[in-house]
1. Please give the number of the condition residue A:71 fails out of (1) without any contact (Cβ under 8 Å) to a residue 60 or more places away in the chain; (2) facing chain B (nearest Cβ under 8 Å); (3) surrounded by fewer than 22 Cβ atoms within 10 Å (Cβ to Cβ); (4) in contact with a helix residue (DSSP H, G or I) (Cβ under 8 Å, 6 or more places away or on another chain).
2. Whether any residue in segment A:39-50 is in contact (Cβ under 8 Å) with a residue 40 or more places away in the chain and out of contact with any strand residue (DSSP E or B) (no Cβ under 9 Å at 6 or more places or on another chain) is what I want to check.
3. Considering only helices (runs of 4 or more DSSP H) fully contained in segment A:145-258, which possess at least 3 residues that are more than 14 Å from every other protein chain (Cβ to nearest Cβ)?
4. Would you pick out the residues in segment A:69-95 that are under 16 Å from residue A:126 (Cβ atoms), at pLDDT 95 or above and assigned to a loop (DSSP other than H, G, I, E, B)?
5. From the set of residues in segment A:87-102 that are surrounded by fewer than 24 Cβ atoms within 10 Å (Cβ to Cβ) and in contact (Cβ under 8 Å) with a residue 40 or more places away in the chain, which is farthest from the other protein chains (Cβ to nearest Cβ)?
6. Has segment A:120-133 got at least one residue that is touching a helix residue (DSSP H, G or I) at 6+ places or on another chain (Cβ under 8 Å) and at pLDDT below 95?
7. When segment A:26-56 is examined, which residues are found to be farther than 19 Å from residue A:222 by Cβ, in contact with a helix residue (DSSP H, G or I) (Cβ under 9 Å, 6 or more places away or on another chain) and either more than 11 Å from chain B (Cβ to nearest Cβ) or part of a loop (DSSP other than H, G, I, E, B) (or both)?
């Protein structure tokens with residue numbers, strides 16, 4: 001098969017599975033799971049340093065030669081806070097890539113479309129490669145790609161809910177209209193969900209909770225890796241049309257009764 | 001002088017620059033990002049960025065996240 005690379009912001013990646021680094025029981029568990037996932041892009045968050053515990057540092061457990069660090073703007077309630085976080089991440093020494101999330105609602109953590117668009121405009125102008133986390137809204141996805149975001153990242157279901165691709169029909173429209181990679185982010189709770197997104201034609205998926213909180217994160221990371229690859233290959237191969245009536249797979253001639 | 005660091009007012013002395021403040025707090029400059037009065041400070045500006053009485057400083061670092 002020809003090499004099938006994921007290209008985001010001019011960079012090529014072999015893996016179509018991005019992995020989040022939250023909720024792991026220990027740094028070593030996270031490190032092993034990242035390795036098992038085959039991911040090349042991993043997300044991190046920015047928070048205030050705990051002055052009483054200054055040595056706690058996740059970067060010492062992430063090989064920056066191997067993974068592209070994708071800082072998110074989680075915790076931002078509006079565009080201004082998101083822009084501030086993105087600029088802080090860049091100042092911390094990251095490449096100017098950002099997973100833009102603006103989630104003012106604490107119960108469903110649904111992204112605010114107006115503030116996300118506003119922040120994306122500012123960050124794109126400021127030279128960032130912007131990967132916006134959005135609700136599965138095809139119109140918003142178009143607006144974002146028009147202003148120059150590197151991807152769109154529609155949610156399958158709210159963050160951490162493990163409910164799968166509940167926004168299927170909207171994501172299908174987003175994929176159909178996309179001129180940038182579509183990364184299904186949030187809510188993917190099982191490898192089959194990831195495979196479903198990839199079979200639909202998503203360019204990549206982002207998974208955190210389902211891997212991090214499983215009893216065996218490395219094994220689950222490997223399962224997601226296979227599911228993403230399987231879904232991608234099925235999409236490339238072309239999934240046949242559905243029909244209501246049975247279509248025999250065995251010949252309909254030469255029966256014994258004839 | 002009094003400086004607000006990550007939302008907490010603290011009394012510090014002998015501190016002139018962002019670099020001094022990070023050293024005083026025992027923080028590794030390479031692993032954090034700093035804002036002074038809502039202005040992001042680049043790493044190569046830590047030495048020349050002054051800290052004065054009443055400044056509001058935010059110091060952040062990366063943590064696990066999705």
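The values are calculated or read from the model by the stated rules, or taken from the named source; none is laboratory data. Quantities reported herein were computed from a predicted structural model and do not represent experimental measurements. Don't worry about glycine lacking a Cβ; one is built from the backbone with ideal geometry, like all the others, and counts go over all protein chains shown.
1. All conditions pass for residue A:71, except number (3).
2. No; the residues of segment A:39-50 include none that is in contact (Cβ under 8 Å) with a residue 40 or more places away in the chain and out of contact with any strand residue (DSSP E or B) (no Cβ under 9 Å at 6 or more places or on another chain).
3. Working: elements: A:168-177, A:191-200, A:209-212, A:217-237.
Once the helices (runs of 4 or more DSSP H) in segment A:145-258 are filtered for at least 3 residues that are more than 14 Å from every other protein chain (Cβ to nearest Cβ), what remains is A:168-177, A:191-200, A:217-237.
4. The answer is A:73, A:76.
5. First pass over segment A:87-102, keeping only residues surrounded by fewer than 24 Cβ atoms within 10 Å (Cβ to Cβ): A:87-88, A:90-97.
So of that shortlist, the ones also in contact (Cβ under 8 Å) with a residue 40 or more places away in the chain come out as A:88, A:92, A:97.
Numbers: A:88: 4, A:92: 4, A:97: 13 Å.
Checking each candidate, the answer is A:97.
6. Pass one, segment A:120-133, residues touching a helix residue (DSSP H, G or I) at 6+ places or on another chain (Cβ under 8 Å): A:120-124, A:126, A:128, A:130, A:132-133.
Still in the list and also at pLDDT below 95: none.
The answer is no; no qualifying residue exists.
7. A:49, A:51, A:54
Yes/no matrix, rows are residues, columns are (1) away from every other protein chain (no Cβ under 12 Å); (2) surrounded by 12 or more Cβ atoms within 10 Å (Cβ to Cβ); (3) touching a strand residue (DSSP E or B) at 6+ places or on another chain (Cβ under 6 Å); (4) under 30 Å from residue A:187 (Cβ atoms):
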residue	(1), (2), (3), (4)
B:24	no, yes, no, no
B:32	no, yes, yes, no
B:38	no, no, no, no
B:44	no, no, no, no
B:54	yes, no, no, no
